[in-house]
Amino acid sequence: MTDERLRCSWCCDGGIVQKYHDTEWGVPLRDDQKQFEFLMMEVMQCGLNWTMMLRKRDIFRVCFDNFAYEKIAHYTEADIERILAVPGMIRSRRKITAVINNARRFVDILAGYHSFWAYLRSFSQAGMILYRGHETGAIPARTELSDRISTDLRKRGFKFLGSVTVYAHLQACGVVNDHVESCFRYRELIAAAGDQAVGREDNG
């Protein structure tokens with residue numbers, strides 16, 4: 001049976017990207033291990049494309065102990081060499097070492113905020129942000145919010161997390177709802193937010 005629901009135009013491949021859009025993209029994410037997975041997939045994606053990241057996701061999970069950040073924080077040079085040797089892995093030592101570094105910094109944030117979701121929420125009172133104009137497709141690559149979070153993450157020692165990358169993460173983990181208004185997920189996610197405050201802001 002053909003699925004004729006309206007979606008964001010970027011996801012309509014009928015395959016792995018559409019499934020990601022329909023089930024994960026924009027869902028408020030309170031699980032720290034999933035937060036770290038999404039964040040580090042953004043790190044691995046730098047200079048590449050998201051479809052490749054989704055296709056290599058199982059390889060990433062094997063390489064990085066299913067993104068168990070506490071384990072990754074203790075990786076050594078031997079682990080870097082092991083990861084580089086995995087068939088199909090992106091062979092970028094800089095990105096792999098960035099993931100390990102970021103795991104250590106991630107643990108530091110959890111020590112102060114108890115969850116990465118709480119850390120992100122500390123920059124905005126809204127549990128989900130709806131930018132006026134975004135729902136029609138006028139979506140920027142970065143916003144004032146992603147600028148502030150990126151600046152703070154870099155001060156804390158995170159790597160490969162510039163404002164554009166951080167904004168992509170905010171979209172993915174549900175801090176910002178950037179589904180177009182005609183997409184069936186747009187209102188589903190607003191309804192699912194429940195008692196979490198939904199904030200509508202004039203611009204990014």
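With the charge dipole of the chain set up from +1 on Lys and Arg Cβ and -1 on Asp and Glu Cβ about the Cα centre, the Cα lying farthest toward the positive end among the listed residues 118, 175, 44 is that of 44.
The residues of region 1-160 expose on average 50 square angstrom of accessible surface per residue, using a 1.4 Å probe on protein heavy atoms.
Suppose we flag trypsin sites (Lys or Arg not before Pro) only when DSSP calls them loop and at most 15 other Cβ atoms lie within 10 Å. Which is the longest uninterrupted stretch of the chain?
31-90
Other residues with beta-carbon under 13 Å from the beta-carbon of residue 110 carry, at +1 per Lys or Arg and -1 per Asp or Glu, a net charge of 0. Roughly what angle does helix 163-172 make with the longest principal axis of the chain, taking Cα atoms, 0 to 90 degrees, to the nearest 10? Taking the Cα atoms of the chain, the angle to 163-172 is about 60 degrees.
Say R0 is 25 Å: what FRET efficiency, to the nearest 0.05, do residue 3 and residue 190 get from their beta-carbon distance?
0.75
Axis of helix 144-155 versus longest Cα principal axis of the chain: the two differ by about 10°, to the nearest ten degrees.
Scalar couplings 3J(HN,Hα) for region 105-122, obtained by applying the Karplus form with A = 6.51, B = -1.76, C = 1.60 to θ = phi - 60°, are 5, 4, 4, 4, 5, 5, 5, x, 10, 6, 7, 6, 4, 5, 4, 4, 5, 5 Hz; x denotes Gly and Pro. Between the Cα long axis of helix 32-45 and the first principal axis of the chain there is an angle of about 80°, rounded to the nearest 10. One decimal place: the segment residue 23-residue 91 gains 21.6 nm when fully extended, by the rule 0.36 nm per residue minus the C-alpha distance.
The values are calculated or read from the model by the stated rules, or taken from the named source; none is laboratory data. A quick note: this is a predicted structure, and the numbers were derived from the prediction, not measured. Virtual Cβ from ideal backbone geometry, glycine too; neighbours counted across all protein chains shown. Only protein heavy atoms, including side chains, enter the accessible area calculation; ligands, DNA and RNA are left aside. Shrake-Rupley method; radii C 1.70, N 1.55, O 1.52, S 1.80 Å.
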